[in-house]
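**Q** Got a structure for you, written out below as structure tokens; questions coming shortly.
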Amino acid sequence: MLPLVWEKTATDSDGALRKVKDMRTHIGEILALFREHGELSRVDVIETSGLSRSTVNHRLGALHEAGLISAIEGGESTGGRPSSRFVLNRDRAVIATADIGATGLVVAVCDLAGEPLRHTRVTVNVWDGPERVLGEVDAALAELLIDPVTHAPAEVWGVGIAVPGPVEFAAGRVVNPPIMTGWDGFDIAGWFSGYGVPVIVENDANSRAVAEARPHHHDNLISLKVGTGIGSGLVFNGQIIRGSEGAAGDIGHTRAAIAESSEQLPCRCGNVGCVEAYAGGWALIRDLHAAGVEVDDVAGVVSLVKQGNLEAVRLMRRAGRVLGDAVADLVSILNPESIVVSGQLSECGEILLSGVRERVYQRSMPLATRNLTVAVSHLGEFGGVVGLALITADRIFAADHIDDLLERIAGRPLDIEAATVS
Ligand SMILES: [Zn+2]
């Protein structure tokens, strides 16, 4: 489970190896409990982890010394004994995040629990290429990382970047993106190496899926991002399904069922009859133009729908049915508990969702839809950055990385037995 720890201490004796491994995994386990539950008493930790009191005391001491957990004020018992309740210190440092969409990005500084503290929006086209777009992210972060009250720079522990295309997660690169000209193989993680902290590169729909799934304890969920393009993120058994090449969930370029019975519309990926060619924001703009309706961008499409423009509403309802057809088989095969829709077109609400529901309930297996909910995300434009912060925190606090963090904080090798709270 923890090969890195074993390799690091390979020159030690067998006894030392085992000792080091045990200590470090327990710290990660205990911190994971605080991330999940927030506030815990010492007894809660002992009972939930199954670890001995002395081990828990040592690990709580190390986490407390590093500032990762705080003793709760007023938690002292009458005998003047130290507090026995602790809480994750979510303000100990920040995670810098950027959710890059096709025509704009949201940059946010988030706390360690994933809550955005400060954010900004930037209008930029993803096809202007990585240097231009990531340069905008740099500029936005340079401002956001300065605390507006103290004017001190925030301490960054991780960077998370989401892109609207397939990602080779381990390498931090985009791979064969259908629309992101100039991004193929670009070293996004390397671009942010100056921070000297872990950099996570993730697909935008995957980030949204985690933001929806984690806080609500939904272990099985599909997130649909419907904006200029269309993507889906799959969280099953609490884990993102990435597939062997990072291409899982790229639903926008699967074949639309409607293409069998109507005109086969060309897609911007070069294929014909893709889901995006009927339901993507760019396709709706094209079809509105063809119908003589003036519209400039995806936000304009949403406005027309809200104003009740007949052609825009008709196309939006069709988009919903196309999406519903596309996701119906996934529902039968994977049996999610919810489908959460985000992205600019989700602002059309029921006009989009009714078509999704109609086709999913018509075409999926009854058992698979018995308790299924289909809804618009409550996180709005923050879904991407919240999910990114959670995924980046997973990496920073992973059992096989937490020792690196604690050593960096202390500025010296980990001496776990020295730290203790009684
Ligand atoms: Zn396509």
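The values are calculated or read from the model by the stated rules, or taken from the named source; none is laboratory data. Being a predicted model, the structure only gives us computed values, none of them experimental. FYI the Cβ positions are ideal-geometry reconstructions off the backbone, even for glycines, and counts take in every protein chain you see.
**Q** Can you name every residue in region 235-276 that is in a loop (DSSP other than H, G, I, E, B), within 12 Å of the ligand (Cβ to nearest atom) and not basic (Lys, Arg)?
**A** Pass one, region 235-276, residues in a loop (DSSP other than H, G, I, E, B): 237-238, 241-250, 254, 256, 261-265, 267-271, 273, 275.
Those still in the list that are within 12 Å of the ligand (Cβ to nearest atom) too: 250, 254, 256, 264-265, 267-271, 273, 275.
Across region 235-276, the qualifying residues are Asp250, Thr254, Ala256, Gln264, Leu265, Cys267, Cys269, Gly270, Asn271, Gly273, Val275.
**Q** For region 11-48, name all the residues that are more than 23 Å from the chain's Cα centre (by Cα) and modelled with pLDDT of 90 or more. Walk me through it before giving the result.
**A** First, the residues of region 11-48 that are more than 23 Å from the chain's Cα centre (by Cα): 11-27, 39-48.
Within region 11-48, Glu39, Leu40, Ser41, Arg42, Val43, Asp44, Val45, Ile46, Glu47, Thr48 qualify.
**Q** Then there's this: Under 6 Å by Cβ, and 6 or more places apart or on different chains, what pairs join a residue from region 327-340 that is in the same structural domain as Gly249 (by TED's automatic domain parsing) and surrounded by fewer than 21 Cβ atoms within 10 Å (Cβ to Cβ) with one that is part of a loop (DSSP other than H, G, I, E, B) and polar (S, T, N, Q)?
**A** Ser332/Ser364; Glu337/Asn220
**Q** Just to be sure, is Leu330 hydrophobic (A, V, I, L, M, F, W, C) and either over 30 Å from Asn176 (Cβ atoms) or more than 16 Å from the ligand (Cβ to nearest atom) (or both)?
**A** Values: hydrophobic (A, V, I, L, M, F, W, C): yes; either over 30 Å from Asn176 (Cβ atoms) or more than 16 Å from the ligand (Cβ to nearest atom) (or both): yes.
So Leu330 passes the test.
**Q** Can you find a residue that is small (Gly, Ala, Ser), out of contact with any Pro (no Cβ under 6 Å at 6 or more places or on another chain) and crowded, with 23+ Cβ neighbours inside 10 Å anywhere in region 256-272?
**A** In the first step, residues of region 256-272 are kept if they are small (Gly, Ala, Ser); the result is 256-257, 259, 261-262, 270.
If we keep only those that are out of contact with any Pro (no Cβ under 6 Å at 6 or more places or on another chain) too, we end up with 256-257, 259, 261-262, 270.
Still in the running and crowded, with 23+ Cβ neighbours inside 10 Å: 256.
Yes - at least one qualifying residue is present in region 256-272.
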